[in-house]
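**Q** Got a structure for you, written out below as structure tokens; questions coming shortly.
No value in this document is a laboratory result; all are computed from the given coordinates. Every value quoted in this text rests on a predicted model; they were computed, and no experiment measured them. We place every Cβ from the backbone using ideal geometry, glycine too, and count neighbours over all the protein chains shown.
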Amino acid sequence: MALYSEKVMDHFRNPRNVGVLENADGVGEVGNAKCGDIMKIYLKIDRDTISDVKFETFGCGSAIASSSMATELIKGQPVSEALKLTNRAVAEALDGLPAHKLHCSVLAEEAIKAALKDYYDKNGIAYDESLFPAAHDCDHCGV
Ligand code: FES
């Protein structure tokens, strides 16, 4: 069996939503200190809905595929749904990632959450802190 699914290869070769959004309503940037990969997510939010989303990822193929899939999953969704996106859902939508690459999908979840938190902070919207746990520590899953 191939190490990477067709979907991973497709989103790696033809990533969706790559780029920068000027005047984004929320921007989130996260990195994994161990592998050095960095992911940045830009959100446009209209009436509580993700009207547009772009990403820049400096990282491995799985991180690029995860960013691409994660942006597709939240585009057009209400903020409340985007907040529920998990790295598992991203990996499942990609038809799986190898175990040692699951942390790449964690970056996507964290970057989206960081961008949503930025949106809340910029707009003075109150939120439950537990929605935004401290950054994932990859020592636990191993890079
Ligand atoms: Fe670091 Fe994939 S995000 S190896």
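**Q** How many angstrom separate the Cα center of segment 1-62 from the Cα center of segment 66-98?
**A** 10 Å
**Q** Near the amide H of Ile45, under 5 Å away, which other amide H atoms are found, from residues 5 or more places off or on another chain, if H is placed in the peptide plane?
**A** Long-range HN contacts for Ile45: Asp25, Ser51.
**Q** Membrane-span-like helices in the chain: DSSP H runs reaching 30 Å or more (Cα, own axis), mean Kyte hydropathy at least -1.0? Intermediate values should be presented prior to the final figure.
**A** Numbers: long enough: 102-122 (31 Å, -0.12).
TM-like helix candidates: 102-122.
**Q** At a temperature of 25 °C and a viscosity of 0.890 mPa s, determine how fast the chain diffuses translationally according to Stokes-Einstein, using the Kirkwood radius over alpha-carbon pairs as Rh; express D in µm²/s, rounded to the nearest whole number.
**A** Details: Rh = 14.9 Å.
It comes out at roughly 164 µm²/s.
**Q** Okay, helix-only estimate at 222 nm for the chain: each DSSP H run of n ≥ 4 adds -39500 (n - 2.57), divide by all residues, round to 500 deg cm²/dmol; what do you get? Mind dumping the intermediate values first?
**A** On the way: 5 runs with 54 residues, N = 143.
Estimated from H runs of four or more residues: -11500 deg cm²/dmol.
**Q** Let me ask another. Compute a Gaussian network model of the chain, connecting alpha carbons closer than 10 Å, and tell me which residue from Lys113, Lys122, Lys54 fluctuates the most.
**A** Lys122
**Q** Can you put Arg88, Arg47, Arg16 in order, fewest other beta carbons within 10 Å first? Could you put the intermediate results ahead of the total?
**A** Values: Arg88 12, Arg47 7, Arg16 16.
The fewest-first ordering by Cβ neighbours comes to Arg47, Arg88, Arg16.
**Q** Note down the magnitude of the dipole of segment 44-113 about its Cα centre, charges +1 on Lys and Arg C-beta and -1 on Asp and Glu C-beta and zero elsewhere, to the nearest 20 debye. Spell out each step's value before the answer.
**A** On the way: 8 positive and 10 negative charges, 15 e Å.
Rounded to the nearest 20 debye, it is 80 debye.
**Q** Tell me, what HN-Hα J-couplings in whole Hz come from the Karplus equation 6.51 cos²θ - 1.76 cosθ + 1.60 at θ = phi - 60° for each residue of segment 28-39, using x for Gly and Pro?
**A** Whole-Hz 3J(HN,Hα) from phi for segment 28-39: x, 10, 9, x, 10, 4, 6, 8, x, 6, 10, 10.
**Q** Right, another one. Tell me the relative contact order for the chain as a rounded percent, counting alpha carbon contacts under 8 Å between residues six or more apart. Write down the numbers at each step before the final one.
**A** On the way: 255 pairs, mean separation 39.7, N = 143.
Once normalised by length, the contact order is 28 percent.
**Q** For Val18, what residues show an amide H to amide H distance below 5 Å, using hydrogens built from the backbone and excluding near sequence neighbours?
**A** Residues meeting the amide H criterion: Phe55.
**Q** On to the next question. Show the residues, 5+ positions off or on another chain, whose built amide H is closer than 5 Å to the amide H of Gln77.
**A** For Gln77, the qualifying residues are Ile50.
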